[in-house]
Amino acid sequence: MSNIVLNSKTYAGIGFNQNGQSVFKESSAGVPSGFSYLTEKVNAGTGTADSSIKWNLSIPVIATEDSDCSCAGSLLRTYYARVEVTIPAGSTAAERTDLLARVQNLVDTTQFADSVRDLTQTS
């Protein structure tokens, strides 16, 4: 299982979990409460059943120093990102390639960036 780099953070492939998902861990925080996980699951449909692809990313934020509110290493909050794609039965490689390009382009848009960074909905 190869590593995946996201925004300069390296997620090392560590195997599969009990749900059959590929699991990647980024552990630069140094404490387990700060480890970030990325999971992937592909369910290939057979016959007339659709296929599905699911990616999940969790990014915990931990306290870096002791304060009145928390101790260093304490979990402050966790961000979650989920990407789910459904591929209809009978799809072609060309159609899936087009879908991939559109999703990649969507994530690269100003509108997508504004929605995540600034919590602004396109009007």
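Hey, among GLU65, GLU95, which residue is over 20 Å from SER115 (Cα atoms), part of a loop (DSSP other than H, G, I, E, B) and without any contact (Cβ under 8 Å) to a residue 40 or more places away in the chain? Walk me through it before giving the result.
On the way: GLU95 fails: part of a loop (DSSP other than H, G, I, E, B).
Testing whether each residue is over 20 Å from SER115 (Cα atoms), part of a loop (DSSP other than H, G, I, E, B) and without any contact (Cβ under 8 Å) to a residue 40 or more places away in the chain leaves just GLU65.
Run down SER70, SER123 and say which single residue is surrounded by 11 or more Cβ atoms within 10 Å (Cβ to Cβ) and of a type outside the set (A, V, I, L, M, F, W, C).
So the residue among SER70, SER123 that is surrounded by 11 or more Cβ atoms within 10 Å (Cβ to Cβ) and of a type outside the set (A, V, I, L, M, F, W, C) is SER70.
What are the pairs, 6+ residues apart or on separate chains, where a residue within segment 102-117 that is in a helix (DSSP H, G or I) has its Cβ under 8 Å from a residue that is modelled with pLDDT of 95 or more?
VAL103/VAL83; VAL103/VAL85; PHE112/LEU106
Kindly indicate whether LEU57 is in the same structural domain as THR122 (by TED's automatic domain parsing), touching a residue at least 12 places away in the same chain (Cβ under 8 Å) and hydrophobic (A, V, I, L, M, F, W, C).
Working: in the same structural domain as THR122 (by TED's automatic domain parsing): no; touching a residue at least 12 places away in the same chain (Cβ under 8 Å): yes; hydrophobic (A, V, I, L, M, F, W, C): yes.
Criteria not met by LEU57.
Quick one: GLY20 ticks every box in (1) farther than 30 Å from GLY90 by Cα; (2) outside any strand (DSSP E or B) bar one, so which box is it?
Single failed check for GLY20: (1).
The values are calculated or read from the model by the stated rules, or taken from the named source; none is laboratory data. The structure presented is a predicted model; accordingly, all values stated were derived computationally and were not measured. Cβ sites come from the backbone with ideal geometry, for glycine too, and all protein chains shown count toward neighbours.
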